[in-house]
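Here's the structure, in structure tokens; my notes come after.
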Amino acid sequence: MNQPLHTGRLVLTPEDPYLLPDDPEAILTKLHEIGLIEGALESGPGYLLGEHFMQLVTFMGCSPYIRLQADASGEPFCHLLQDGPYPRPKLLCGTNTQPPRCEACRKRLSEWRDSFESCLTGNDSCKVGCPHCGHRQDPFTYDFRQSAGCGRLFLFVENIFPQEAIPSPTLLTALELACIGHPWRYFYQQI
Ligand SMILES: [Zn+2]
């Protein structure tokens, strides 16, 4: 079977990359309540998107064609997956990832992939050194804007192109409430 091309995903995660929500199930319950998701998929892990998905996530462009369930075409469709929880933060990046900026000098780390990789496979307290100013920074606190992100629990809205759709304030507030007041953020990952 041919694996369809990965169009990308919208990723939601708590702003604090070290935060592990106490009750991941409560987050899914909240998403059911607000109509972002419906029942579990029959074809694999994940959830069908619910009746309010198109209000809770805003699509750019005038008339997007969004496939919300499997059909005869076999084309990928949008659905929700929960990823994690992980014992320590994980960096999710992809072909869309832009070099992050150093928090001290604000210059971009163009060769970031190698230094991050050795750090992320090393010990927990490893820091990435900035080649411009020498500042050492926790790799999980780098700002990739919306082109990558770190966390211990993620929600994936599958088959969304980078920048194609943004979560509404209502959705972000609902996630925050389900996570005892910890704010959430979003980014995109294209593999
Ligand atoms: Zn620097």
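Condition test on residue 35, is it under 23 Å from residue 161 (Cα atoms), touching a residue at least 24 places away in the same chain (Cβ under 8 Å), assigned by TED's automatic domain parsing to the domain that holds residue 77 and not charged (D, E, K, R)? So residue 35 fails the test. What do you reckon, is residue 133 under 29 Å from residue 36 (Cα atoms) and of a type in the set (A, V, I, L, M, F, W, C)? Criteria not met by residue 133. Listed conditions (1) modelled with pLDDT under 95; (2) more than 19 Å from residue 35 (Cα to Cα) are all met by residue 152, apart from (1).
Does any residue in the stretch 94-119 that is free of Cβ contacts under 8 Å to residues at least 12 places away in the same chain come within less than 8 Å, Cβ to Cβ, of a residue that is of a type outside the set (A, V, I, L, M, F, W, C) and within 13 Å of the ligand (Cβ to nearest atom) six or more places away or on a different chain, and which pairs are these? Filtered contacts from the stretch 94-119: 108/99; 108/100; 108/101; 110/99.
Evaluated against (1) closer than 22 Å to residue 20 by Cβ; (2) away from the ligand (no atom under 16 Å from the Cβ); (3) surrounded by 12 or more Cβ atoms within 10 Å (Cβ to Cβ); (4) in contact (Cβ under 8 Å) with a residue 40 or more places away in the chain, residue 145 falls short on exactly one condition, (1).
Take residue 119 and tell me if it is in contact with a Cys (Cβ under 6 Å, 6 or more places away or on another chain), surrounded by 13 or more Cβ atoms within 10 Å (Cβ to Cβ) and not assigned by TED's automatic domain parsing to the domain that holds residue 164. Yes.
Screening residue 170 against (1) within 16 Å of the ligand (Cβ to nearest atom); (2) assigned by TED's automatic domain parsing to the domain that holds residue 68 leaves a single unmet condition, (1). Taken as a whole, the structure places residue 107 among residues that are of a type in the set (Lys, Arg) and at pLDDT 95 or above.
Taken over the stretch 122-140, the residue count meeting the criterion of being more than 15 Å from the ligand (Cβ to nearest atom) and either modelled with pLDDT of 95 or more or surrounded by 12 or more Cβ atoms within 10 Å (Cβ to Cβ) (or both) is 2.
Of everything listed in (1) in the same structural domain as residue 154 (by TED's automatic domain parsing); (2) aliphatic (A, V, I, L, M); (3) touching a residue at least 12 places away in the same chain (Cβ under 8 Å), the single unmet condition for residue 128 is (1). I need the full set of residues from the stretch 4-62 which are hydrophobic (A, V, I, L, M, F, W, C) and either out of contact with any strand residue (DSSP E or B) (no Cβ under 8 Å at 6 or more places or on another chain) or over 30 Å from residue 142 (Cβ atoms) (or both), in order please. Once the filter is applied, which keeps residues that are hydrophobic (A, V, I, L, M, F, W, C) and either out of contact with any strand residue (DSSP E or B) (no Cβ under 8 Å at 6 or more places or on another chain) or over 30 Å from residue 142 (Cβ atoms) (or both), the stretch 4-62 yields 5, 20, 26, 34, 37, 40, 41, 48, 49, 53, 54, 62. For residue 113, the test of being within 30 Å of residue 76 (Cβ to Cβ) and not assigned by TED's automatic domain parsing to the domain that holds residue 35 is passed.
Rundown of residues vs (1) closer than 19 Å to residue 187 by Cα; (2) of a type in the set (Gly, Ala, Ser); (3) within 16 Å of the ligand (Cβ to nearest atom), yes/no style:
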residue	(1), (2), (3)
42	no, no, no
50	no, yes, no
53	yes, no, no
60	yes, no, no
72	no, yes, no
78	yes, no, no
89	yes, no, no
92	yes, no, no
96	yes, no, no
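The values are calculated or read from the model by the stated rules, or taken from the named source; none is laboratory data. The structure presented is a predicted model; accordingly, all values stated were derived computationally and were not measured. Backbone-built Cβ (ideal geometry, glycine too); neighbour counts: all protein chains shown.
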